[in-house]
Amino acid sequence: MRNEQGIAIVDRDEDGVDRAFRQDVLKGLRQRQKAIPARWLYDDAGSQLFEDITEVAEYYPTRAETEVLTARGEEFAELIGAGRAVVEFGSGSSVKTPLLLSAIAPAAYVPLDIAGDFLRESAAALGEKLPGLPIYPVEADFMRETPLPDAVEAMPKLGFFPGSTIGNMVPRTAVDLLRSMRATLRADEATAPLLLIGMDLVKDRAVLEAAYDDADGVTAQFNLNLARRINRELNGDIPLDALRHEARWNDEFARIEMHLEAQRDLAFSICGERFAMAKGETIHTENSHKFTRRSSATLLLAGGWTPIARWTDAKKRFSVILAEATEQREAP
């Protein structure tokens, strides 16, 4: 669905329910291994909880990425150049965004996010910090190709995807997203679009598991908020006290997995459909894949992007990669 300006917005039914959310939840809970796509963790409450996560002691990615964005501004400016429209996918609170925007002299900023109220509040706050910069917030599912506002159509584009959100997706979905980003940024234009993307790196298991299961329980509340959202928006009756947050390292797939584990046998309904979980059964809610230099390059190339520069923080925990849209080819 699109608004009068032709911009994609969330498709809701006559009761205000997000159709895609309902479809993904019901489909995911019918599977043998129950699973719900991680993007649905980020309603307004979930987005705020994630911002809280970034401040807990165990969660290093935000601090590591901020270190890179703070230290490498001159290099960003040289490689990216001035006058681009910066399109941020899943902008959240845009905390890191001013570091980039202040370094590269952009022509406009277009934050894309599915959490509309959070998006608009963040865009307004950023506008106060950077009053001379045109800002065009777009409420949309950034997982799909999204038409951009007319005002930025003729501008060269820079996609910005910080936070290693790409790691939340299985490889096939991550490749699809990178390709849809390429399409959103209009890779067929005279000036090839660029993409600045954060990717977390493989490291010690204990460090990784602590980052996704902090002692204060903020990540647990973030995960459990998904069940609260289902109950609220999809007429569900999931017993919240029967679910426990679990974070585990899967070495074979180089990823942290987040699950909601049933602490007892339970039954519940969502949109009138009945579901059951045995004690110990889980709903898989998020992956956070960790990358090496090679695996990150392979993923970007598969999605239509060629890495042209790479930076890490001083402790080599996190990478920020600048990539250019690659001409589509079928052979070497």
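Details
- Enumeration of residues in the range 201-250 that are in a strand (DSSP E or B) and either among the polar types (S, T, N, Q) or under 25 Å from Ala278 (Cβ atoms) (or both): Leu243, Arg244, His245, Glu246, Ala247, Arg248, Trp249, Asn250
- The range 9-54 - residue that is open to solvent by less than 50 Å² (accessible area, probe 1.4 Å) and among the charged types (D, E, K, R) and, of those, nearest to Val95 (Cα to Cα): Glu51
- Selection of the range 138-169 for residues being assigned to a loop (DSSP other than H, G, I, E, B), open to solvent by 10 Å² or more (accessible area, probe 1.4 Å) and either without any contact (Cβ under 8 Å) to a residue 40 or more places away in the chain or closer than 22 Å to Thr285 by Cβ (or both) yields Asp141, Phe142, Met143, Arg144, Glu145, Glu153, Ala154, Pro162, Gly163, Met169.
- Filter result for Val95 (touching a residue at least 12 places away in the same chain (Cβ under 8 Å), within 26 Å of Arg229 (Cβ to Cβ) and open to solvent by 10 Å² or more (accessible area, probe 1.4 Å)): yes
- Residue in the range 108-125 that is under 25 Å from Lys316 (Cβ atoms), open to solvent by 40 Å² or more (accessible area, probe 1.4 Å) and more than 18 Å from the chain's Cα centre (by Cα) present: no
- Whether a residue is touching a residue at least 60 places away in the same chain (Cβ under 8 Å), open to solvent by 40 Å² or more (accessible area, probe 1.4 Å) and not hydrophobic (A, V, I, L, M, F, W, C) was assessed, and Gln263 does not pass this test.
- Elements of type helices (runs of 4 or more DSSP H) in the range 9-94, at least 2 residues being among the β-branched types (Val, Ile, Thr): 61-71
- Residue within the range 218-239 that is more than 20 Å from the chain's Cα centre (by Cα), without any contact (Cβ under 8 Å) to a residue 12 or more places away in the chain and within 22 Å of Ser47 (Cα to Cα) present: yes
The values are calculated or read from the model by the stated rules, or taken from the named source; none is laboratory data. Bear in mind that the values here come from a model prediction, so they are computed numbers and not experimental data. FYI the Cβ positions are ideal-geometry reconstructions off the backbone, even for glycines, and counts take in every protein chain you see. Calculation scope for accessible area: heavy atoms of the full protein, side chains included, ligands and nucleic acids excluded. Shrake-Rupley method; radii C 1.70, N 1.55, O 1.52, S 1.80 Å.
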